[in-house]
Amino acid sequence: MKLKIGISGASGWVGRPLCVAISKTDDLELVAAVARSHAGRLLAEITGHPGHGLMVAGSVEQALPETGACDVWVDFTSASAVKANVMSAMVRGAHVVIGSSGLTEEDFEEIDRAALRAGVGVIAAGNFAITVVLLQRFACEAAKYLSHWEIIDYATDEKVDAPSGTARELAFRLSQVAQPRNRVPLADTVGMRESRGATLKGSQIHSVRLPGHVLGIEALFGSAEERLSIRHDAGSGAAPYIDGTLLAIRRVVTRVGLVRGLDRIMD
């Protein structure tokens, strides 16, 4: 039996090609799509795929009028919409895959509690690209041996949330290994404290927002007389994120509660 899939952000950068990719699988069926700016139109008008005869809804509530209408809900929307979408989907009995950024640590804790109450799984990844999974693994390995690090988060100047979900996830993962050292405590900074970036889970994060960038993340490590830089840069296309998202869709139905990071389901 095919898993029934719904998508928020179906007209977006990742959502649109993801709709097409799902329709090409043998085990997944796209049953609902949400795109507020395209509500009331046929999905085929957005994706160009002739098999998409679904009517696009304006909200999760409209797309899923009843419990059990969907097995897995995927969210690739915005920081302002993702939490409400996730909560609405879980109330209706759907497992959830989160690809949107902007959620705080408190949001993740609340989502985890709600998932446990509903008996559903949630997989949240700041980035579904396999190369980002490798960056996280390499950075966590480096943190076992190098005691000083900071994170630089790159994105287009149109991205409104900072730090990015990828940077938040990296800081979270590093915090599970160790806490970085600072020779000069941040409170003793002379000048503008803000210039040292934001502190998240112990790591300093510096968010750069400039035209010409898509998405990028860099973990910088320092030790006496040596430096290590581990960096990922995304291109302009969404292809690297599709396979990782499909993997999460297939694995989330075996989970209960929140799982953070694509690598947690790859092993």
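Tabulated values for the structure
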quantity	calculated
Subset of segment 11-22 [touching a helix residue (DSSP H, G or I) at 6+ places or on another chain (Cβ under 7 Å) and closer than 20 Å to GLU158 by Cβ]	SER11, VAL14, ARG16, PRO17
Test: residue in segment 168-185 that is closer than 30 Å to SER8 by Cβ, in a helix (DSSP H, G or I) and small (Gly, Ala, Ser)	yes
Failed item, numbered, when ASP161 is tested on (1) outside any helix (DSSP H, G or I); (2) more than 14 Å from the chain's Cα centre (by Cα); (3) farther than 16 Å from GLY202 by Cα	(2)
Identity of the residue in segment 210-240, part of a strand (DSSP E or B) and among the hydroxyl-bearing types (Ser, Thr, Tyr), that ends up nearest to the chain's Cα centre (by Cα)	SER229
Candidate set from segment 86-104 (those that are more than 13 Å from the chain's Cα centre (by Cα) and not in a loop (DSSP other than H, G, I, E, B)); member that is nearest to ILE265 (Cα to Cα)	HIS95
Any chance GLU226 is closer than 17 Å to LEU134 by Cα, at pLDDT 95 or above and of a type outside the set (Ser, Thr, Tyr)	no
Residue within segment 241-255 that is surrounded by 13 or more Cβ atoms within 10 Å (Cβ to Cβ), part of a loop (DSSP other than H, G, I, E, B) and at pLDDT 90 or above present	yes
Residue check, ALA94 of a type outside the set (Lys, Arg) and buried (at least 17 other Cβ atoms within 10 Å of the Cβ)	yes
Pair list, Cβ < 6 Å and 6+ apart or interchain, from segment 192-203 residues that are aliphatic (A, V, I, L, M) to residues that are at pLDDT 95 or above and surrounded by 11 or more Cβ atoms within 10 Å (Cβ to Cβ)	ALA198/ILE205; LEU200/ALA171
Filtered residue count, segment 186-209, keeping only those that are under 16 Å from SER147 (Cα atoms) and in a loop (DSSP other than H, G, I, E, B)	2
Residue check for SER223: among the hydroxyl-bearing types (Ser, Thr, Tyr), touching a His at 6+ places or on another chain (Cβ under 8 Å) and either over 27 Å from SER11 (Cβ atoms) or surrounded by 18 or more Cβ atoms within 10 Å (Cβ to Cβ) (or both)	yes
Scan of segment 6-35 for residues that are in contact with a strand residue (DSSP E or B) (Cβ under 6 Å, 6 or more places away or on another chain) and in a loop (DSSP other than H, G, I, E, B), ordered by number	ALA10
Test set (1) without any contact (Cβ under 8 Å) to a residue 60 or more places away in the chain; (2) under 23 Å from the mean Cα position of the chain (by Cα) - ARG183 fails condition number	(2)
Residues located in segment 117-158, provided they are surrounded by fewer than 17 Cβ atoms within 10 Å (Cβ to Cβ) and not in a helix (DSSP H, G or I)	GLY119, LYS144, TYR145, SER147, HIS148, THR156, ASP157, GLU158
Top-ranked residue in segment 42-85 [being closer than 23 Å to GLY102 by Cα and part of a loop (DSSP other than H, G, I, E, B); ranked as farthest from the chain's Cα centre (by Cα)]	GLY58
Lone qualifier among ALA178, ALA198, ALA139 - being closer than 18 Å to GLY102 by Cβ and under 26 Å from the mean Cα position of the chain (by Cα)	ALA198
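The values are calculated or read from the model by the stated rules, or taken from the named source; none is laboratory data. This one's a predicted model, so the numbers in the text were calculated from it and none came from an experiment. Cβ sites come from the backbone with ideal geometry, for glycine too, and all protein chains shown count toward neighbours.
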